[in-house]
Structure formats: C-alpha cells, structure tokens
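Chemist: This is the structure I have questions about; it appears just below.
The values are calculated or read from the model by the stated rules, or taken from the named source; none is laboratory data. Computed from a predicted model, the values in this text were never measured in an experiment. Cβ: placed from backbone, ideal geometry, glycine included. Neighbour counts: every protein chain shown.
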Amino acid sequence: MTDGNDRPFRIPESTLYPSEDAEFDEYGTNDLPQYSDFRGSFYKVPWALDEGAIRDAGADIAIVGAPYDEGTSARPGARFGPMAIRTAHVTTGSPWAWSLQTEAYPFDVLTVVDAGDAPVVPGRPERSLRVIHEKVRRVASAGALPIVLGGDHSITYPSAAAVARVHDPARVGIVHFDAHADTATDQWGSLIGHGQPMRRLIDEGWIAGPNFVQVGLRGYWPDRETFEWMRGQGLRWHSQVEMEERGVEAVIDEAIAQALDGPDRIYLSVDIDVVDPGMAPGTGTPESGGMLGRELLRAVRRIAGAVDLAGMDVVEVSPPYDHAEITAMLAGNVVMEALSALAARG
Ligand SMILES: [Mn+2]
C-alpha cells in the first residue's frame with residue numbers, strides 16, 4: 001500500500017559517539033550531568049578548604065556551609081540546609097551555566113570555589129558560632145567573597161561580624177531580607193538564638209544601626225518595644241506592605257542607598273522566609289503573605305549588580321519541612337543570581 005509518498009523513514013546513525021575504546025573517558029566531570037560524579041560541592045565547583053587553597057585558586061567567591069540550627073525557636077532542621085542547597089541543583093545545574101537574566105557565564109567569569117563547612121558540632125552552640133566566625137574570617141581574609149549557606153539565622157551574627165572585622169565595621173552596611181526583624185533581646189534567656197543576631201551585631205558595633213536595613217517584615221513579631229529600640233538605633237526597615245504599595249524596585253533602591261549612607265560595601269543576608277511559604281515552605285518560622293520568589297531573585301540581582309558586596313548569606317532553609325526541594329532550589333537560585341549579577345559586571 002502506498003499513500004503517494006514512498007520515501008522511507010530512517011533514523012540517522014549518530015556520528016557523536018566515539019570508538020568503544022574512548023568511551024570510558026568520553027566526558028570530564030563537568031561535562032557529565034550534575035547527578036553523575038557529583039562530589040558534593042555547590043554546582044561541582046572545586047573544593048578549596050583552607051586559606052592557602054583559596055589563595056592558590058585565586059578565588060573570587062567561596063561558598064561556606066554553616067550547618068547550625070540550635071538557635072531555632074520553633075521548627076528545626078536548618079542544619080541540613082547547606083547539604084540541601086548544594087544538592088538541589090544536581091538535576092538541572094551545570095558548571096557551564098549561562099544566565100538568561102544577566103547574559104553572563106558566572107563560573108566562567110568568576111573563580112568560584114566551595115570552602116566546605118565550618119566545623120560545627122551539636123550541643124555546643126557558642127563554639128559553633130565561634131567556628132563559623134573563624135571560617136568566614138579566614139575566607140574573607142584570603143580575598144574571596146564569602147557566600148554562607150545556613151543554618152538558622154543565628155549564623156549571621158558571627159558571619160557578618162567576621163566580614164566587618166576583615167573590612168572595617170565603618171565600611172560595611174547590611175541589607176537584610178526577612179519576614180522578621182531578628183532584633184529581640186533574648187530567646188528564653190539565650191542571647192544567641194535566631195531571633196537575636198541583628199541586635200548582637202548592632203550592640204557590639206559590628207554594623208552601625210543606620211546602615212542596617214531590613215526588607216520584607218510582616219506578621220506578629222517582634223513586639224512594639226523592640227521596634228522602639230530599633231528606631232532608637234537608627235535602624236531602617238521596609239515592610240512587606242510598603243513593598244506592595246511602593247513596588248519592590250523603589251524599596252530596594254532606597255534600601256541600598258540607606259545601607260551605603262557612609263559604608264561602601266554591603267553584607268547581604270537573605271532569610272528565605274522573606275518569601276511566601278507557598279514558594280518557600282521549608283523554613284523554620286514561615287509567615288504568610290511574603291514576597292514572590294521572582295521578586296527576591298530580581299532584588300538580589302539588583303543589589304549584587306549595583307554595589308560592592310562584602311559577604312552574603314542565605315539562611316533558614318529547613319529541608320525536613322521542604323517539599324520537592326522547592327525551598328532549597330530557591331535558595332540555590334538566590335546564590336546563582338548573585339553570581340550571575342557579579343559576573344555581568346566583569
Ligand atoms: Mn531571620
């Protein structure tokens with residue numbers, strides 16, 4: 001039987017395969033899919049575990065894990081955050097990634113390494129924060145920009161203090177994305193819970209109050225007295241409602257100007273709970289009515305593309321409460337947007 005066109009259908013023989021002999025070494029680790037030959041680092045970047053290795057690599061950026069969640073007041077699990085963020089892109093990521101948003105190859109333009117985790121152990125919270133501080137201090141001293149994967153928000157206290165110590169506190173402002181101000185006096189008597197890090201940083205003089213700028217606040221905590229203390233310190237904040245009324249863009253531009261009113265560089269702290277729990281469910285203290293994921297990514301691109309970063313963290317990813325890696329993937333993309341924006345600056 002013929003339908004009037006008897007041209008045969010033949011799938012062409014592929015010419016892409018090498019000879020059988022060459023097959024074993026056909027792909028290098030970076031050419032394989034992320035899930036194949038995955039060795040645990042962020043986007044398969046090389047490990048550089050100490051200051052010497054970071055210097056030898058000439059690293060521009062170093063990923064640091066801070067697997068600590070003993071400051072959590074409600075739902076724990078953020079100690080698994082660094083592991084989850086590093087593995088979230090094993091299905092889709094690539095060291096050859098090209099950013100559609102900034103038209104840059106982040107890993108091509110920048111030398112990015114993974115410095116591993118701070119040597120945190122359970123049951124010794126003060127020590128854990130001290131070793132996180134020391135790890136971040138070593139990375140920053142070696143000349144790399146630390147991007148710290150939390151961990152609960154307690155880790156911003158030792159991390160931002162380390163960056164301020166290396167760069168000079170007078171030169172560093174903070175833009176802090178969060179549903180919560182994290183400026184309470186104490187948490188059931190503890191000064192180092194995840195509700196306190198911002199007060200510690202200001203009280204100890206690591207960051208000047210007027211250069212401490214918070215974005216995304218909402219919900220029912222902290223209380224009036226705490227906001228009065230914040231006002232007394234000159235701290236500036238922009239609520240979620242303000243972003244809804246003025247637009248995210250206008251608020252971010254103002255936040256940048258306020259953080260840099262004196263300092264010349266910014267430490268960027270991103271609590272993933274600034275994003276609506278619908279888009280970031282895997283977190284310790286979810287708060288309804290937050291930013292869209294894409295709004296946060298756009299804001300991070302704007303900041304990393306416009307100012308000199310001194311350090312950055314992404315915190316409060318709690319994998320046991322996550323679903324389908326939604327939150328870990330968003331946190332990984334926050335890092336990728338910062339890298340892409342930095343790369344676009346050349
Ligand atoms: Mn927080």
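Chemist: Can you work out which of the residues in segment 179-212 that are surrounded by 18 or more Cβ atoms within 10 Å (Cβ to Cβ) and of a type in the set (Phe, Trp, Tyr) is farthest from the ligand (Cβ to nearest atom)?
Modeler: Looking at the filtered set, the residue picked out is 206.
Chemist: Go through segment 257-279 and give me each residue that's without any contact (Cβ under 8 Å) to a residue 24 or more places away in the chain and within 16 Å of the ligand (Cβ to nearest atom).
Modeler: Within segment 257-279, 276, 277 qualify.
Chemist: Here is a check on your reading of the model: is residue 179 over 15 Å from the mean Cα position of the chain (by Cα), part of a helix (DSSP H, G or I) and among the hydrophobic types (A, V, I, L, M, F, W, C)?
Modeler: No, not satisfied.
Chemist: May I ask you to list the residues in segment 104-148 that are farther than 16 Å from residue 59 by Cβ and either within 16 Å of the ligand (Cβ to nearest atom) or outside any loop (DSSP other than H, G, I, E, B) (or both)?
Modeler: Of everything in segment 104-148, those that are farther than 16 Å from residue 59 by Cβ and either within 16 Å of the ligand (Cβ to nearest atom) or outside any loop (DSSP other than H, G, I, E, B) (or both) turn out to be 104, 117, 125, 126, 127, 128, 129, 130, 131, 132, 133, 134.
Chemist: Given the residues 243, 279, which is the only one that is within 21 Å of residue 321 (Cα to Cα) and at pLDDT 95 or above?
Modeler: So the residue among 243, 279 that is within 21 Å of residue 321 (Cα to Cα) and at pLDDT 95 or above is 279.
Chemist: Could I ask something else about it? When residues of segment 297-338 are filtered for being assigned to a helix (DSSP H, G or I), hydrophobic (A, V, I, L, M, F, W, C), within 16 Å of the ligand (Cβ to nearest atom) and more than 16 Å from residue 266 (Cβ to Cβ), how many remain?
Modeler: Of the residues in segment 297-338, 2 are assigned to a helix (DSSP H, G or I), hydrophobic (A, V, I, L, M, F, W, C), within 16 Å of the ligand (Cβ to nearest atom) and more than 16 Å from residue 266 (Cβ to Cβ).
Chemist: Let me ask something else. Within the group 313, 273, 308, which residue is surrounded by fewer than 20 Cβ atoms within 10 Å (Cβ to Cβ) and among the acidic types (Asp, Glu)?
Modeler: None of the other options fit; the residue is 308.
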